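**Q** Encoded as structure tokens, here's the structure I'll be asking about.
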Ligand SMILES: Cc1cc2nc3c(=O)[nH]c(=O)nc-3n(C[C@H](O)[C@H](O)[C@H](O)COP(=O)(O)OP(=O)(O)OC[C@H]3O[C@@H](n4cnc5c(N)ncnc54)[C@H](O)[C@@H]3O)c2cc1C
């Protein structure tokens, strides 16, 4: 197998919103910066289809008390995003949001509506509106162009599947070209992981239709799996996340809809609005994402997003934003099927949207492994988080690279030999399960044994099955071409994270949020301010409370 070598001061793994922001900043500070992207930076990642809300504090609009803004924001779904990250980081984040907004607007991502900063959605009537509306449909091409202008080298269609560490710090990363039979080896003085979230560990709402997920098929927690294997700590990987969207059509954008969530008897399911409110939406699912599932389980469903009674002007406003929120296919579907939102309520559902864990970092984006930074959805969901910490990590990683010595080539070569053997073994398998089969089996194990109910006995059994599946995959999983090889490596990463979910779930002997332990039904208040950390010690996963 051919091996290509690329050298960088700063390597950004993942060219999503966070990775591109980090790369732009480090390159303008003088570092030789390379972005390695599994897809294509102009449309890859969660930000690739567009976004329409940016969490942003503007003192002239919200008043001088930033903590009051934070308090209000934490009553919305943002609290799930920031859980366990601490107030220090939150303040750093919020304080920098407006600077990024002004910069993006200058770069050509429209951050104003009708010439003004405009806030709507994700809000309680009468409360602060914390999320700025912006037209993010084409944000990725703009960021890609900006990165190129700043001299960043973008390497598309390369999936990084392991980091190289010399035992003390990270010194590079190894990837495969997903189109050509080639290993791509990066020598780097510092590495930023902007690999996004994790979406294929649990089944989609329509298991037969694998790709029916609100995020992206290719977001498979690679960053956290690699970080863990290289020696960095993760936290709260056992916590699950949910989202809500149109039934059987998993999409983000619940807060872009204007309307009232009503049951089959036309009764609002929440106390917040009784008629469509353009500026607030209906925030009920942000208070309880599980509400649609609870209605279904109690035989009280279906529940609809109901826009009846809204004005044509409000409808046009909503239809203006939905494509910015990655919902173009949904609008096409409505048009093709004659669904008129002024007349036809849309049924909604709760669905899983992956593992809520994150790579452990401080407010500078540093992981517990020297030279390794993590940003964006590897920490917390949201564009503002990805941009602010992308920017900060770009600065920190550049500083680190300036004082780091040249990476030890011997360490890199040893790792390359190991990884080459792994990919050649997978490519050499002739009969065996394809990646999809392994992925489906993994999803079944996760949802049956580490899903809605988790007991010691279930977790123990699930871990046994998961390890069995891993061995079978290593022994026989086939990959007919470089693209399938990438998918197979993704599945191996997800198996690693699945294992950590089982081990951490066993350690969290309490019920909290969606981590339901019938054998430990209490929520332990002593753990309210703690996070469960998991890291590799002597080649084994070890947990501790911090
Ligand atoms: C439809 C939709 C609408 C949204 N709307 C909003 C909104 O309005 N407001 C908001 O705040 N948030 C929104 N979000 C969430 C927001 O898009 C994400 O939080 C944000 O994009 C995270 O940025 P990121 O850089 O961390 O990850 P991503 O943008 O997902 O980028 C990760 C990148 O890493 C690449 N990658 C992954 N693994 C590897 C690997 N092994 N090797 C190389 N490359 C790799 C991926 O291909 C991808 O390009 C929305 C998400 C979706 C899906």
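**Q** Scan region 483-503 and tell me whether some residue there is out of contact with any helix residue (DSSP H, G or I) (no Cβ under 8 Å at 6 or more places or on another chain) and surrounded by fewer than 22 Cβ atoms within 10 Å (Cβ to Cβ).
**A** The answer is yes; a qualifying residue exists.
**Q** What number goes with the only condition from (1) modelled with pLDDT under 95; (2) surrounded by fewer than 19 Cβ atoms within 10 Å (Cβ to Cβ); (3) more than 24 Å from residue 122 (Cβ to Cβ) that residue 229 does not pass?
**A** Of everything listed in (1) modelled with pLDDT under 95; (2) surrounded by fewer than 19 Cβ atoms within 10 Å (Cβ to Cβ); (3) more than 24 Å from residue 122 (Cβ to Cβ), residue 229 misses just condition (1).
**Q** So how many residues does region 117-144 have that are touching a strand residue (DSSP E or B) at 6+ places or on another chain (Cβ under 9 Å) and in contact (Cβ under 8 Å) with a residue 40 or more places away in the chain?
**A** Result for region 117-144: 16.
**Q** Looking at the structure I just gave you, is residue 319 within 18 Å of residue 132 (Cα to Cα), away from the ligand (no atom under 15 Å from the Cβ) and in contact with a helix residue (DSSP H, G or I) (Cβ under 8 Å, 6 or more places away or on another chain)?
**A** yes
**Q** Look through region 502-511, keep the residues that are outside any loop (DSSP other than H, G, I, E, B) and out of contact with any strand residue (DSSP E or B) (no Cβ under 6 Å at 6 or more places or on another chain), and return whichever of them is nearest to residue 177 (Cα to Cα).
**A** Result: 502.
**Q** Please count how many residues of region 372-381 are assigned to a loop (DSSP other than H, G, I, E, B) and either more than 8 Å from the ligand (Cβ to nearest atom) or modelled with pLDDT under 95 (or both).
**A** We begin by selecting, within region 372-381, every residue assigned to a loop (DSSP other than H, G, I, E, B); these are 375, 379-381.
Then keep just the ones that are either more than 8 Å from the ligand (Cβ to nearest atom) or modelled with pLDDT under 95 (or both); that gives 379-381.
Counting residues in region 372-381 that are assigned to a loop (DSSP other than H, G, I, E, B) and either more than 8 Å from the ligand (Cβ to nearest atom) or modelled with pLDDT under 95 (or both) gives 3.
Residues checked against (1) out of contact with any strand residue (DSSP E or B) (no Cβ under 7 Å at 6 or more places or on another chain); (2) in a helix (DSSP H, G or I); (3) modelled with pLDDT of 95 or more; (4) more than 19 Å from residue 221 (Cβ to Cβ):
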site	(1), (2), (3), (4)
427	yes, yes, yes, yes
442	yes, yes, yes, no
469	yes, yes, yes, no
489	no, yes, yes, no
498	yes, yes, yes, no
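**Q** Further question: Might you let me know whether region 44-54 holds any residue that is more than 10 Å from the ligand (Cβ to nearest atom) and out of contact with any strand residue (DSSP E or B) (no Cβ under 9 Å at 6 or more places or on another chain)?
**A** No, because not a single residue in region 44-54 is more than 10 Å from the ligand (Cβ to nearest atom) and out of contact with any strand residue (DSSP E or B) (no Cβ under 9 Å at 6 or more places or on another chain).
**Q** Among residues belonging to region 13-29 that are under 15 Å from residue 146 (Cα atoms) and outside any helix (DSSP H, G or I), point out the one that is farthest from the ligand (Cβ to nearest atom).
**A** Taking the candidates together, the pick is 29.
**Q** Out of all the residues in region 512-546, which are within 24 Å of the chain's Cα centre (by Cα) and in a loop (DSSP other than H, G, I, E, B)?
**A** Result: 513, 514, 516, 528, 529, 530, 531, 546.
The values are calculated or read from the model by the stated rules, or taken from the named source; none is laboratory data. It should be emphasised that the depicted structure is a prediction, and the values quoted were computed from it without experimental measurement. Cβ sites come from the backbone with ideal geometry, for glycine too, and all protein chains shown count toward neighbours.
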